[in-house]
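Every number here is computed from the coordinates shown, using simple stated rules; none is lab data. The model shown is predicted, which means the values in this text are computed figures rather than measured ones. Note: ideal-geometry Cβ built from the backbone for every residue, glycine included; neighbour counts use all protein chains shown.
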Amino acid sequence: MPTGLLTDLYQLTMAAGYFEAGKVKERATFELFVRKLPEHRNFVLAAGLEQAVDYLLNLRFTADDIDYLRGLPQFAHTSPQFFEMLLNLRFTGDLFAVPEGTPLFAGEPFLTLRAPIIEAQIPETYLLSTIGFQSMIATKAARNVKAAMGRGVVEFGTRRAHSPEAGVLAARAAYIGGCEGTSNTETGKRFGVPVFGTCAHSWIMSFTHEREAFAQLQKLLGESTVYLIDTYDTIEGARRAVELGRPVWGVRLDSGNPVELAPAVRKILDDGGLRDAKIMVTGDLNEYKIHELVAAQAPIDSFGVGTELATSGDAPSLGVVYKLVELERGAERRYTLKLSEDKATLPGTKQIFRYADHDLLARSKECPSCPPGSAPSEALLRPVILSGELIEPLPTATEARAHAAESLARLPAPCHSLFAVDHCWRVEISAELEHLAERVRGGVAQ
């Protein structure tokens, strides 16, 4: 699918400007990172790399795209040669990135892109969008899963997502963040994510009697049956589930007070011989409500989380930025930075070295030594695309989910708090990177 126009106009006007200024042979290096963590977040879980890679490998402008751009007043003075170049544009650069499911902190690059300057500039909008959105949702999912304390969490939010495709990618990101699966069947097909769901209240109301609705559902789904028992009277609904007996997976509560209802339902199920039947709770949940239900020791086996998860309701945007850090023209290399108040950046291509208790943000060519007796560091940014070619298949969503679980388990307990914790994880800047920044600030860019 052609994707060239999935960008902001100013990326294309800058591309035309680079072309007209004779800068097309300059190679630019950009880094994508978040300046500060969202409210109540102690880390951000990286996600969206698969879609970023797909975009870069398929970056194209069609003849129709070019005709549209030619007609815009912003390109009235642009030479025909620019549009010829754009028609043949392909990504020929390099991409380095942290694996999906890697927890990151403020200032640490999710990815580094190095390419001829036009190829590096145009992708900015798409990369920020897909990395920012999916990382935001994956982080929210990790918080819900942590709050559930071993109980299952399923993503149910497509109907409240900001578009159908946002629902697909939110479900993917939520799975990477630790959810057991999703209600979104397209996500299941496209990414191999387990899918869940049985019926809505409309199913119950379409039958004259609740018991008949339950019986027909059980006939259809067998051991996958989940009775939605709160359409009329939750307690009576639980009793009807017991009357029908097995096969059944469990029951779902979508309204009322779960702290009061779940114990009552659990007793009915147990007394009726359905001790292995599970109780799922849904309805306007988030990590804080899940935390309260777990703390109350309500007998709940799993949670379905929709709106708050698919939109990251309390932190609905992630302030990712995409900043130029190096320029190469032939043998000349120039390091770049911003000095704006509250928006300053560090120059030069970087690497994140992760130790057991802190990170070191350093220049990409550094090889930092380990303190005596300590474990060696892990370099997080890894090559993904070189000279426009994918060097090896990307991990699946399931593999990214396993990596996330392993990586999150290494973080200390304060990082998993549902509230912001100062200095839960230390990120140091290497002396060499600090020295480079000082030289560039002083006007010495070499």
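Where the convex hull is taken over the Cα atoms of the stretch 296-346, what is its projected area averaged over directions, in nm²?
8.0 nm²
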Taking Cα centroids, how far is the stretch 142-197 from the stretch 1-24 in Å?
35 Å
With only Lys, Arg, Asp and Glu charged, each at its Cβ (+1 for the first two, -1 for the last two), find how big the charge dipole of the chain is about the Cα centre; round to the nearest 20 debye.
360 debye
Computed [θ] at 222 nm, helices only, for the chain once each DSSP H run of length n ≥ 4 contributes -39500 (n - 2.57):
-11000 deg cm²/dmol
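What ranking do F214, F419, F61 get, fewest neighbouring Cβ atoms within 10 angstrom at the top?
F419, F61, F214
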If you restrict to DSSP beta bridges whose two residues both lie in the chain, what percentage is antiparallel, to the nearest 5?
65 percent
Once you've got the Cα coordinates, tell me which of K140/K219; K25/K350; K23/K189; K189/K343 are over 32 Å apart.
K140/K219; K23/K189; K189/K343
Computed from the coordinates I sent, Cα extents along the principal axes in Å equals one of (i) 119, 52, 44; (ii) 61, 48, 47; (iii) 80, 61, 38. Tell me the label.
(iii)
Rg(Cα) / (2.2 N^0.38 Å) computed for the stretch 269-331, rounded to two decimals
2.10
Using a Gaussian network for the chain with springs between C-alpha atoms less than 10 Å apart, which of these wobbles most: A298, A173, A28?
A298
FRET efficiency, 1/(1 + (r/R0)^6) with R0 56 Å, evaluated for A215 and E389 via beta carbons:
0.45
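Have a look at the DSSP beta bridges in the stretch 347-446 and tell me what percent are antiparallel, nearest 5.
Taking every DSSP beta bridge with both residues in the stretch 347-446, the antiparallel ones total about 70 percent.
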For a label point 7 Å along the Cα-to-beta-carbon line of C424, residues of the stretch 125-142 with backbone N under 13 Å:
139-142
Run the simple label-point estimate for T398 and E260 please: 7 Å along Cα→C-beta, distance reported in nm.
4.3 nm
If I model a spin label as a point 7 Å beyond the Cα along the Cα-Cβ vector, how far apart are those points for K365 and M149 in nm?
5.3 nm
Can you put W249, W203 in order, fewest other beta carbons within 10 Å first?
W203, W249
Filter the DSSP H helices in the chain by two things, a Kyte-Doolittle mean of at least -0.5 and an axial alpha-carbon span of 27 angstrom or more, and list the hits by number.
124-148
Separation of the V195 and T92 label points, Cα + 7 Å toward Cβ, nm:
4.2 nm
Remind me, what semi-axes does the stretch 1-116 give for its equivalent ellipsoid, largest first in whole Å, using sqrt of 5 times each Cα gyration tensor eigenvalue?
32, 15, 14
When only DSSP loop residues count, what trypsin sites (Lys or Arg not before Pro) in the stretch 270-353 have their Cβ near at most 10 other Cβ atoms within 10 Å?
R275, K343
So which residue, out of D230, D276, D284, gets the largest mean-square fluctuation from a GNM of the chain using Cα contacts under 10 Å as springs?
D276
Tell me, rounded to the nearest percent, the portion of alpha carbon pairs in the stretch 197-282 spaced more than 21 Å apart.
17 percent
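May I ask for the longest run of the chain untouched by GluC sites (Glu not before Pro) that are loop-located per DSSP and have at most 13 neighbouring C-beta atoms (other than their own) within 10 Å? Walk me through the intermediate numbers first.
On the way: sites that count: E39, E341.
Here the longest run is 40-340.
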Choice from S302, S202, S255 showing the highest fluctuation, given a GNM over the chain with Cα pairs closer than 10 Å:
S202
Can you sort Y55, Y68 so the residue with the fewest Cβ neighbours within 10 Å comes first?
Y68, Y55
Once you have the Cα-Cα distance between A409 and R441, take 0.36 nm times their residue separation minus that, and quote the gain in nm to one decimal.
7.6 nm
What is the ratio of the Cα radius of gyration of the stretch 156-315 to 2.2 N^0.38 Å, with N the residue count, to two decimals?
1.05
